[in-house]
1. In segment 212-226, what residues are buried (at least 24 other Cβ atoms within 10 Å of the Cβ) and either among the hydrophobic types (A, V, I, L, M, F, W, C) or over 21 Å from residue 306 (Cβ atoms) (or both)?
2. State the number of residues belonging to segment 54-74 that are among the aliphatic types (A, V, I, L, M), surrounded by 12 or more Cβ atoms within 10 Å (Cβ to Cβ) and over 25 Å from the mean Cα position of the chain (by Cα).
3. Kindly establish whether residue 6 is assigned to a helix (DSSP H, G or I), modelled with pLDDT under 75 and surrounded by 11 or more Cβ atoms within 10 Å (Cβ to Cβ).
4. Please find, among 149, 97, 157, the residue that is of a type outside the set (A, V, I, L, M, F, W, C), loosely packed, with under 15 Cβ neighbours inside 10 Å and closer than 20 Å to residue 284 by Cβ.
5. Tell me the residue from 14, 30, 94 that is at pLDDT 75 or above and not in a loop (DSSP other than H, G, I, E, B), please.
6. Please enumerate the residues belonging to segment 115-139 that are farther than 20 Å from residue 154 by Cα and either outside any helix (DSSP H, G or I) or touching a residue at least 40 places away in the same chain (Cβ under 8 Å) (or both).
Amino acid sequence: MGFLLVALLLGGVGGALLHHALRDGHVSGGLVCLAAAVLFAVWPLAWMATARIAWPLRDLANVAGEIHEGRLSSRTQLPEGDTEVGAVGVALRGVADRVARQLQDQRALMAAVSHELRSPLGRARILIELAREGTAPATAYDELQAEIDGMDQLVGDLLAAARIDFEALAPVDLDPGALARRAAGTAGLPDAAVHVGPDPGSVRADPTLLARALGVLLDNARRYGAAEVHLHVRGRLNRVRFEVEDDGPGFPEGTAEQAFQPFWRGPAGPDGARPHGEGLGLALVRQIAAAHHGEAGAENRSEGGARVWIELPRDPTPAAGGSEKATPKPAR
């Protein structure tokens with residue numbers, strides 16, 4: 001509206017001058033007046049329009065520069081609105097919010113991991129000192145191996161989570177039955193523990209990450225279950241579900257969903273002992289499922305024990321003929 005009013009004002013002044021010049025018969029003077037009127041009308045309007053566009057862009061560039069230098073709190077100064085600059089500001093704020101959340105999660109994760117590593121390192125140091133003094137118990141080497149295995153598992157979980165965060169997935173077509181049997185073999189379970197339903201189809205996933213998820217489910221079932229652990233592979237419409245069942249005590253009431261939170265290890269048992277592990281396993285399983293557009297969940301079985309599952313979409317275009325069926329590598 002401001003541009004329109006200024007244009008009308010300048011146009012009226014120019015028209016009056018032109019009319020006056022032509023009325024007196026000065027055609028050349030009228031043309032000069034017309035050119036001057038156009039010049040004086042276009043120049044301020046162009047300047048105002050350029051300033052109207054440039055100022056928000058300058059502010060946007062300043063805030064973007066502060067975000068580039070690491071001052072993510074400056075994202076609150078980004079412009080908003082229905083204009084193009086506002087749309088860019090909203091998109092840039094979304095990126096900055098995501099980066100801020102990732103940094104916060106990484107700091108929390110590193111703090112928790114450093115805390116979790118201190119305990120096994122401290123126990124390993126004590127066992128080594130006892131071995132040097134010749135007073136170590138007979139089970140010292142087994143205990144030391146268990147501490148090393150626990151730290152190795154923690155590092156492996158962190159590396160798998162880092163691959164998901166950086167979206168470094170390499171999905172291929174996988175045979176769910178073959179993948180389940182290989183995971184069971186790596187976990188030390190017999191072939192009879194694997195039950196593959198009719199026509200489970202094909203699933204497209206990162207073989208290392210999916211093998212890691214199944215390994216976590218089987219390891220938890222063996223650790224917290226009782227005598228029997230079973231792995232079921234079932235085709236469900238357009239999805240493939242891997243279910244691990246055990247005959248142990250199951251989840252304490254109301255904790256099945258909490259078990260998927262990072263570093264959650266459940267309440268202490270009747271003897272006051274806390275569950276083993278760092279509490280990253282099931283959280284990693286859910287991350288792997290989400291990275292493949294799937295789901296993960298847990299529940300107690302009516303006949304006793306727990307059922308934990310991961311469900312992934314079927315490959316909508318299973319490779320035929322010369323397609324590659326990947327053989328998953330065992331997770332470390």
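The values are calculated or read from the model by the stated rules, or taken from the named source; none is laboratory data. All figures in this text were calculated on a predicted structure; none of them were measured in a lab. Note: ideal-geometry Cβ built from the backbone for every residue, glycine included; neighbour counts use all protein chains shown.
1. 213, 214, 216, 217, 218, 221
2. Quick first cut of segment 54-74, residues among the aliphatic types (A, V, I, L, M) only: 54, 57, 60-61, 63-64, 67, 72.
In the following step, the residues that additionally are surrounded by 12 or more Cβ atoms within 10 Å (Cβ to Cβ) were identified as 57, 60, 63-64, 67, 72.
Next cut, over 25 Å from the mean Cα position of the chain (by Cα) only: 57, 60, 63.
Residues that pass the stated criteria total 3.
3. Details: assigned to a helix (DSSP H, G or I): yes; modelled with pLDDT under 75: yes; surrounded by 11 or more Cβ atoms within 10 Å (Cβ to Cβ): yes.
Yes.
4. Details: 97 fails: closer than 20 Å to residue 284 by Cβ; 157 fails: loosely packed, with under 15 Cβ neighbours inside 10 Å.
Among 149, 97, 157, only 149 is of a type outside the set (A, V, I, L, M, F, W, C), loosely packed, with under 15 Cβ neighbours inside 10 Å and closer than 20 Å to residue 284 by Cβ.
5. Of the residues listed, the single one that is at pLDDT 75 or above and not in a loop (DSSP other than H, G, I, E, B) is 94.
6. Passing the criteria: 134, 135, 136, 137, 138, 139.
One line per residue, one yes/no per condition, for (1) touching a residue at least 12 places away in the same chain (Cβ under 8 Å); (2) under 30 Å from residue 8 (Cα atoms):
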residue	(1), (2)
49	yes, yes
61	no, no
67	yes, no
70	no, no
73	no, no
77	yes, no
82	no, yes
